[in-house]
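Attaching a single structure in structure tokens format; questions to follow.
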Amino acid sequence: MGSVFGKLKRGNGAAADAADDGAAADDAANGAANGAAADDAAYGAANGVGGRKIILDTDPGIDDAIAMAVLLNACKGRVKLVLSSYGNTSLENTTRNALALLSLMGAADIPVVRGAGRPAPGNGTYEHAEGVHGGDGLGGLQGGLLGRYPLKAAVEGDFLRAVYEAICEEGVVDYITLGPLTNLSALIQRYPDAAGRIGRVVTMGGGIEMGNVTPHAEFNIYCDAESADHVFSTMPDITLATLDATSRIAFGLTQINNIRSAGSDVAEVMASILNTNYHLCVAQGEPGAVMHDATAVLAYLRPELFEFSARRLRVVCDGVRYGKCVVVGGGAGETGDDAGEARGVGDDAGGAPGWKPSHPGARDDAGGTPGWKPSYPGGSPSWKPSHPGAEGGAPNIRMITDCDPMQILNTIAQSIK
Ligand SMILES: [Ca+2]
């Protein structure tokens, strides 16, 4: 079958150092000079949804931190709340990191709601990714550079209710997920009408032709594949940045140093965590500091920088392919073989010779924690995804199929100085 991502060949982010800021001039003019209003206006004109308030569901996380800076730089006033999630590191760390990053970015007035600390009951395999994010999720800066910024308290308790009420206040919101999909799946199970109050879901997750935890699965999806499958099958309008696109968006050291040279507090912190991330990523065989989450945010803010294809996806929820995303609709001529995989056909457990996970250790942790209790009220221990007919509906996922990595990197760099 033809490759969904055959066109993703314009270049590699690691090569960005060579040309670097010269090529960024146009983007700088667009992104910095014209600013958020122009971006939002363009987005609104193209999509008819500009100006909505945003729920940011995230597990910071280094690339989450960069993504937050990009989003806040463009439309700080539209971020209704930040919802933390377990993921790259513990929920305690991700929540603290979200608070510290908002303080750094002059946005401490945005509430941080403490979300799920584990996959939904019976789902997933929880495994942090501290190998590429550092023990605190931010390359060790939690008590360092970031330690100087005062922290407000997170919103504790019934987080699903808190998020639902925030959504209802706005009528319709957009919802950006940069971590596991546990929070969002739980939200629309508890409050089914919430699905209709979310205009667009924007997600970093999955891989069609590659994984980073196993040969089949990307980290965010692998954490809780059942919740991901539920969201992909339920939500009507999803913009998806998969590994196939994001793994090519990687900062090199020259670009990181250029960001630092801007001299602002934000630039100093961003460059420091990127520098740590660069060395951790390269040690794992990545081309540089890979900007998975920031790419997803940019696909929301600046869709004109990307090409998309409409798809339907399912997520394999058992066996060695656990967490694999499979195209089951849309994209003419590219559904046949993958549709078989979605039904569990096929048994190649290995993947490519020499393949190495970029999140080492995840494959060894297949079990849950005995005695674990759900971290949020309303979770159903017996719930299993069952979405008959999902394959038959109209394509609901706009998946990135092409972009210019250099242009994306330069646009991100201009947003975090
Ligand atoms: Ca993330």
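Rule-based calculations on the coordinates, nothing more; no lab input. Small disclaimer: the values here were computed from a predicted structure and weren't measured. No Cβ is skipped: glycine too gets one built from the backbone with ideal geometry, and neighbour counts run over all protein chains shown.
Give the share of C-alpha pairs in each 5 angstrom bin for segment 173-233, from 0 to the last occupied bin, in whole percents, shortest bins first.
Reading the bins upward from 0: 4, 20, 29, 23, 13, 7, 4, 0.
Separate question: So, counting K/R as plus one and D/E as minus one, what does the shell of residues with Cβ under 10 Å around residue 243 add up to?
Summing Lys and Arg as +1 and Asp and Glu as -1 gives -2.
Same structure again: So, counting K/R as plus one and D/E as minus one, what does the shell of residues with Cβ under 10 Å around residue 132 add up to?
Net charge around residue 132: -3.
If you don't mind, there's one more thing I want to ask. Can you give the log10 of the normalised intensity I(q)/I(0) at q = 0.15, 0.16, 0.17 Å⁻¹, computed with Debye over equal Cα scatterers of segment 204-330?
Taking Cα atoms of segment 204-330 as identical point scatterers yields -0.77, -0.85, -0.92.
So how do 272, 85 line up by other beta-carbon neighbours within 10 Å, fewest first?
272, 85
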